[in-house]
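The values are calculated or read from the model by the stated rules, or taken from the named source; none is laboratory data. Not measured: the values here are computed from a predicted model. Please note: Cβ atoms are built from the backbone with ideal geometry, for glycine as well, and neighbour counts cover all protein chains shown. With ligands, DNA and RNA removed, areas are computed over all heavy atoms of the protein, side chains included. Shrake-Rupley method; radii C 1.70, N 1.55, O 1.52, S 1.80 Å.
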Amino acid sequence: MFARELARAPSHRLAAQTGSFAVNCPGPGTLGHLWGLLQWDAVFVSRSIYIASAEGDCGKSTVALGVVDHLSRTIDKVGIFRPVARVNDGSDYVLQLLLGHIGVDLTYDECVGVTYDDVHEDPDAALSTIVSRYHEVERKCDAVVIVGTDYTDLAAAAEFEYNARIAANLGSPVALVVRGAGRSPAEVQQAIESARLELESSHARLAAVFVNKANPNDVDEIRAALPAGLGMGVLPEDPTLVAPLLGELMTALGGTLYSGDAKLLGREALGVIIGAMAVDHLLERLEEGRVVITPGDRPDALLAVLAAHGAAGFPTLAGIIINGGFYPTDAVRRLLSGMNSSLPIIATDLGTFEAATICSNTRGRLTRDSALKIDTARALFEKHVDCDALRRIFSVASTDVVTPLMFEYALLDRARTNKRHIVLPEGDDDRILQAASTLLRRGVVDLTILGTEATIRSRAAELGVDISDAAIIKTSDEEYVGRFAAKFAELRASKGVTVEKAREIVQDVSYFGTMMVLEGLADGMVSGAAHTTAHTITPAFQVIKTPPGVGIVSSVFLMCLSDRVLVYGDCAVNPDPTAEQLADIAISSAATAAQFYIEPRIAMLSYSTGASGTGTDVEKVRAATEIVKSRRPDLPIDGPIQYDAAIEPSVASAKAPNSVVAGRATVFVFPDLNTGNNTYKAVQRSAGAVAIGPVLQGLRKPVNDLSRGATVQDIVNTVAITAIQAQQIDAAEGAA
């Protein structure tokens, strides 16, 4: 279709447009060549990148997600544009994926240029519409990621030529994605060169090359052969990214959920096993993450597979498909019900061969509904792509604005640079397992999860998350209990704790995790998703304690506003601190701010500013401020000061014109827990701020508490923060 329509169109009519002017180049001669030189060597400041391929099944969505992730770390407003969509009905899965990214604030309709039908009807008119709609997006954004077509039409060569024309007209450098699967390194080179020549013939500039789905054994050879200055990375093929979800298989088969947990239909199916042989042979062929297809009139196979699922010595399966239109008898159905298994069993009327063929041909997509695929794609991009080289393509200045997303990315990056070992005591919480999968897939930390290994790994497999790299320890493991009990009894002997009593205490998950940190088996602990704050932090108060010079353990919240990050303390631990304790909290909060590259400027909050008010509460804040000044004269601090004077320059100029902090405070110290806790929640809910914390400070080793309403992302952030605290503590000890 593309070939037929493009044959009618003038092949070299290029309307190359920028935000300020357009030039028409009638042909490939001198004027066209001169325009190409001007376009890329003198005129354009690139604020976009066009991700294109010369064929289908290249994994452009993986590269697009990685580029959007990368841009969101340094700039505020990232745009997405899809020049040609299959249909404009909201169903484009690539757009849905990218628009689901936290750093993107555009509607689906805004991001679509035209449809395939529009191109078939009039390719030149469609191109004009694409250019116009693109500039509408560009005006709203600091940089735009443009995702080319998917080759669901005919005539791939003509479709690639049209993508090249679009890129040239948008003034966007092209990031070429080449499929490595099924190709030798030499064949990959040939594909790159062919695509490069096609881009040049259409006056598009090739600025980057990604090879995706490469044979893992060929990655180094392919990378070494990439064009000089253009090679961004070689991503190996990962079966997780192409594995269909169990629900997608059910749809493809026209099947129904016979039994099991519907939530588990979101798990990836890593392969198919035909279960038509004798049971003993079938059990030998079971593999992790596979789907077993067995006729519905084979109750022996069905029951054996279901019993083996997750049992000791057997793998965890993704699901079972019973086929042929047969269903278990009433007696077998009662037995299945009694087994109380959550493993999904799908029923289809199709025969074994047809069902197996459909399952084998169903390819998974990188969609916003698959957390495991997204984590896998991000991890591959972060590991195998030269992000510094990618950054040089864009002439977009970094902003001084720090959005919540930028801050979260910075946390993960810093934690990853010097990995630490964190213990997660709540292995029976699904959110912990999901967060652990993200952290491990992206290489942020090493993890130990507390609980029963078979139970935890089985549940993780059911959830479709990968925690294979995590260590799992049972709190009754004698290898640790005896050691921890002896140490705990020694430390708490003055409180009358015997070794026998200590053995009972240290098998509690919070105590066990804390003892791991104390004994150097982990660098930090994160808990609280299913336990109270007191349950999480009391063991740390008892055995980890504070370092010299710190008199109190306190907390802060890192408040991520739309354009900056502030530090609020203490909003979670100390109900009514004294002046001395308030000074400790201020100094600790300033140190925490500095750990996360927030320049500390401390506002000691009260209901009055300067000398305008009196009273016991104001005097406490005034005294605390003086204590900080005497102990840390290097810290910018003001107090007592009201919140509006501390944060708003116009108010500061009237209420505290000579203050070095007023109007630009970054660390806000509240006079008591009542004020701090209510203020952080008010800002969180009313201003839409992202509140990360509470982050405990003042301990010799990092232990952090989670809210019982914590999201998976909250857990990921808190673990990263804990790892960074551990890095800082180790660095300080090394420098001492």
With the cut-off at 1.5 for a/c, could you classify region 352-464 from its C-alpha gyration tensor as rounded, prolate or oblate? oblate
Considering the options A54, T498, V553, tell which one lies farthest towards the positive end of the dipole of the chain, charges being +1 on Lys and Arg and -1 on Asp and Glu at the Cβ, about the Cα centre. V553
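Provide, as a two-decimal number, the C-alpha radius of gyration of region 461-612 over 2.2 N^0.38 Å, N being how many residues it has.
The reported ratio for this selection is 1.31.
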Given H placed 1.01 Å from N in the peptide plane, which residues other than close sequence neighbours of T609 have an amide H under 5 Å from its amide H? Q642
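Keeping every protein chain in place, order T452, T722 by accessible area at 1.4 Å, biggest value first, i.e. largest first.
Values: T452 60, T722 0 Å².
Greatest to least solvent exposure: T452, T722.
What order, most packed first, do the peptides 79-90, 219-230 have when packing is the mean number of other Cβ atoms within 10 Å of each residue?
Details: 79-90: 20.7, 219-230: 14.8.
Result, highest mean Cβ count within 10 Å first: 79-90, 219-230.
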Area of E284 that stays accessible when all protein chains are in place (1.4 Å probe, Å², to 10): 140 Å²
Considering the dipole of the chain built from charges on the beta carbon (Lys and Arg +1, Asp and Glu -1) around the Cα centre, which of A311, I358, G698 is farthest to its positive end? G698
At what distance in angstrom do the alpha carbon centres of region 402-455 and region 581-654 lie from each other? 34 Å
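Suppose every K and R has +1 on its Cβ and every D and E has -1 on its Cβ; what is the size of the dipole of region 494-612 about the Cα centre, in Debye to the nearest 20? Present the calculation step by step, with values, prior to reporting the outcome.
Numbers: 6 positive and 11 negative charges, 9 e Å.
The calculated dipole for region 494-612 is roughly 40 debye.
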Take the alpha carbon gyration tensor of the chain, find the square roots of its eigenvalues, order them as a ≥ b ≥ c, and report rounded if a/c is under 1.5; if not, report prolate when a/b exceeds b/c, else oblate. oblate
Starting with the highest mean, order 511-519, 409-417 by the number of other Cβ atoms within 10 Å, averaged over the residues of each peptide. 511-519, 409-417
Cross-link partners among lysines for K701, C-alpha distance below 17 Å, same-chain residues fewer than 8 apart left out? K419, K487, K545
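Would you please put 334-341, 632-639, 181-188 in order of how densely packed they are, using the mean number of other Cβ atoms within 10 angstrom per residue and starting with the highest? Mind showing how you got there, number by number?
Numbers: 334-341: 12.2, 632-639: 18.2, 181-188: 15.4.
Per-residue Cβ counts within 10 Å, averaged per peptide and sorted highest first, yield 632-639, 181-188, 334-341.
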Here the relative contact order (percent) of the chain, from C-alpha pairs under 8 Å and at least 6 apart, is 10 percent
Residue by residue, what Karplus-based ³J(HN,Hα) values in Hz, rounded to whole numbers, does region 77-91 have, using 6.51, -1.76 and 1.60 with θ = phi - 60° and x for Gly and Pro? 10, 9, x, 10, 9, 10, x, 10, 10, 4, 9, 9, 10, x, 9
Taking the chain and counting helices only, DSSP H stretches of n ≥ 4 at -39,500 (n - 2.57) each over all residues, the nearest-500 ellipticity at 222 nm comes to -13500 deg cm²/dmol
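Quick check for you: with a 1.4 Å probe and neighbouring chains kept, what is the accessible area per residue of the chain, in Å²? Walk me through the numbers on the way to the answer.
Numbers: 29800 Å² over 736 residues.
That works out to 40 Å² for each residue.
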Taking the Cα centre of the chain as origin and charging only Cβ (+1 Lys, Arg; -1 Asp, Glu), how large is the dipole, in debye to the nearest 20? 1260 debye
Quick one: which residues, 5 or more positions from G79 or on another chain, have an amide H under 5 Å from its amide H? H modelled 1.01 Å from N in the peptide plane, none for Pro or chain starts. D142, A143, V144, V145
For the chain, what % of the accessible area comes from carbon and sulfur atoms, probe 1.4 Å? 51 percent
Can you return the lysines within cross-link range of K60? Criterion is Cα-Cα under 20 Å, with same-chain partners fewer than 8 residues away left out. K213, K373, K383
Everything considered on the Cα gyration tensor (a ≥ b ≥ c; rounded for a/c under 1.5, else prolate if a/b is larger than b/c, else oblate), region 399-522 must be described as oblate
Area accessible to solvent at K60, 1.4 Å probe radius, in Å²: 20 Å²
